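Please read the structure below before turning to the comments.
The values are calculated or read from the model by the stated rules, or taken from the named source; none is laboratory data. Please read all numbers here as calculations on a predicted model, not as lab measurements. FYI the Cβ positions are ideal-geometry reconstructions off the backbone, even for glycines, and counts take in every protein chain you see. These accessible areas exclude ligands, DNA and RNA; they are computed on the full protein's heavy atoms, side chains included. Shrake-Rupley method; radii C 1.70, N 1.55, O 1.52, S 1.80 Å.
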Amino acid sequence: CVVSSCFRAGEEEQQAQSKKALKKQQKEAEKAAKKAEKQAKLVSVRQETQTLPMAHHCRMEGFLLFYNSCDYKSADRALVRVQDLTPEKAEQQIWVRARIHTSRAKGKQCFLVLRHQQFTVQALLAVGDCASKQMVKFAANLTKESIIDVEAVVKKVEQKIESCSQQDVELHVERIFVISQSEARLPLQLEDAVRPEGEGDEEGRATVNQDTRLDNRVIDLRTTTSQSIFRLQSGVCQLFRDTLINKGFVEIQTPKIISAASEGGANVFTVSYFKTSAYLAQSPQLYKQMCICADFDKVFCVGPVFRAEDSNTHRHLTEFVGLDIEMAFNYHYHEVIDSITDTMVQIFKGLRDRFQTEIQTVNKQYPSEPFKFLEPTLRLEYKEAVAMLRAAGVEMGDEEDLSTPNEKLLGRLVKEKYDTDFYVLDKYPLAVRPFYTMPDPNNPKYSNSYDMFMRGEEILSGAQRVHDAQLLTERAMHHGIDLEKIKAYIDSFRYGAPPHAGGGIGLERVTMLYLGLHNVRQTSMFPRDPKRLTP
């Protein structure tokens, strides 16, 4: 009996365990089936979304499931740019795609500021015939920087909306869809990033420091100020190209990996080049000259320049964009100076006439005086500059190079005397110039070289080049340059070379100084300096 009871107990326990295992298996099977069904639905929705035109994309609680591109020609709407929203479009029903700049819920209303590039417009959602309470709540909870499509009616406003670029209209929203949702927590707030520094201190509101901006550059580049800076910078490049092409110049591309230091100095990046070493070009100088020797007569190039200078200043970068010019002349190197200064004047005029919106946007955050220039451009000799500085109490030698403080002081003295922010300084001491600079035939201590300045800071360095192979060899030896490494360069002058001159301009500096900004990192999209290699 005892054995029989034990056997039955064991059998019951085994049956109970079997039932538990069966239930567990059933639950797991149900869970797997639900997961498979959910996955199948998701795949089905994706396939539908990829094959349907934009107007029929699957809509789920205000979200457009935008997995793939569609045939844009079959879309049932045209998107209007924020900058084109003017009173002329009043009472029109339109679609707009933009980011949510700010949002504010107030009772049964929600106010959005929509932003696209440097332009903003106010949008209003209010509970009524066109918007439900749930829709207003949905809009109020959308995260900043999300990209949305809105269908809205353009309405004129009685009182200007000072906080937006489009001040005379607002949008009355009827439908809203999220194209791409931003995470709720942003690394920086855009309204803080465009606040003038003094204003933030006085009112106890945050401003964003430079390192935070550069660490989160993609967000910082969305600000109206950054958008304006880099659109104006694009204008500098376009005006530079257009002006020179109209003058008969040819655009060239030059190597950036070279066998010897371009400027003959130590501030050069060395790179491994198979079984030997090479250098990153400090300048396209040598190749511009070789093109002149090849009878191109007038050339220019736009490209990166590398300087291994451990200079952590407001105006130095280890990589910047060079706008370089080289030109054969007939009788005097001043022909080249005149050509370059006229090019700069055309750039200044073009920026003044075409980019007022961008200039004013930058000035809201970084106020500055309008940039002034003369026609023809003021040209001073180095000796005159030294005399002006000495008269102002500066002690310096005749052949001493200008220090940064003296450059700035000279800029202020020139502005006071001549009322210009742009000028040329000619006839530099030979001792402070590169080996390929032509000495002044009338005074061997000086040279046929020049710098150009904006607001008291150098933006171009240039000179007449030595075009005689023998003299060039002597100058290179004087600077301690390995002749074997520049043999191809020197040889290019052995077969007849026209007299020529040119110069190199820093794009970021031109942008910075034209706008009156105080740090070149503000005008370099992704700056490189001794302490920054990312992003």
Exactly one of these conditions fails for E145: (1) under 24 Å from the mean Cα position of the chain (by Cα); (2) outside the structural domain of V113 (by the TED database); (3) not polar (S, T, N, Q). Give me its number. (2)
Go through segment 438-472 residue by residue and tally those that are at pLDDT below 95 and hydroxyl-bearing (S, T, Y). 1
Hey, among V424, V394, which residue is closer than 16 Å to E457 by Cα and among the hydrophobic types (A, V, I, L, M, F, W, C)? V424
Applying the selection to segment 187-200, what residues are farther than 23 Å from V150 by Cα and open to solvent by less than 50 Å² (accessible area, probe 1.4 Å)? L188, D192, A193, V194, R195, P196, G198, G200
Unmet criterion (only one of (1) within 23 Å of the chain's Cα centre (by Cα); (2) surrounded by 14 or more Cβ atoms within 10 Å (Cβ to Cβ)) for Q238: (2)
Condition met for P429 (in contact with a Phe, Trp or Tyr (Cβ under 9 Å, 6 or more places away or on another chain) and either more than 30 Å from T511 (Cβ to Cβ) or of a type in the set (G, A, S) (or both)): no
Of all residues being in contact with a Leu (Cβ under 9 Å, 6 or more places away or on another chain) and touching a residue at least 60 places away in the same chain (Cβ under 8 Å) in segment 216-227, which is nearest to R532 (Cα to Cα)? Just the residue, please. I219
I'd like to know if segment 169-180 contains one or more residues that are open to solvent by less than 60 Å² (accessible area, probe 1.4 Å), touching a helix residue (DSSP H, G or I) at 6+ places or on another chain (Cβ under 7 Å) and within 24 Å of L507 (Cβ to Cβ). no
Scanning segment 213-226 residue by residue, those open to solvent by less than 50 Å² (accessible area, probe 1.4 Å) and out of contact with any Asp or Glu (no Cβ under 8 Å at 6 or more places or on another chain) turn out to be N216, R217, D220, L221, T223, T224, T225
Long-range neighbours under 8 Å by Cβ, at least six apart or interchain, first residue in contact (Cβ under 8 Å) with a residue 24 or more places away in the chain within segment 374-387, second part of a loop (DSSP other than H, G, I, E, B) and aromatic (F, W, Y): Y382/Y428
Which members of segment 148-160 meet the condition of being surrounded by fewer than 18 Cβ atoms within 10 Å (Cβ to Cβ) and assigned to a strand (DSSP E or B)? E151, V153, K155, K156
Can you tell me how many residues in segment 161-197 are in a loop (DSSP other than H, G, I, E, B), of a type in the set (D, E, K, R) and free of Cβ contacts under 8 Å to residues at least 12 places away in the same chain? 2
When you look at G411, is it buried (at least 21 other Cβ atoms within 10 Å of the Cβ), modelled with pLDDT of 95 or more, in the same structural domain as H334 (by the TED database) and more than 18 Å from D342 (Cβ to Cβ), yes or no? yes
Some residue of segment 390-406 being under 26 Å from N267 (Cα atoms), in contact with a strand residue (DSSP E or B) (Cβ under 6 Å, 6 or more places away or on another chain), surrounded by fewer than 21 Cβ atoms within 10 Å (Cβ to Cβ) and assigned by the TED database to the domain that holds P284: yes
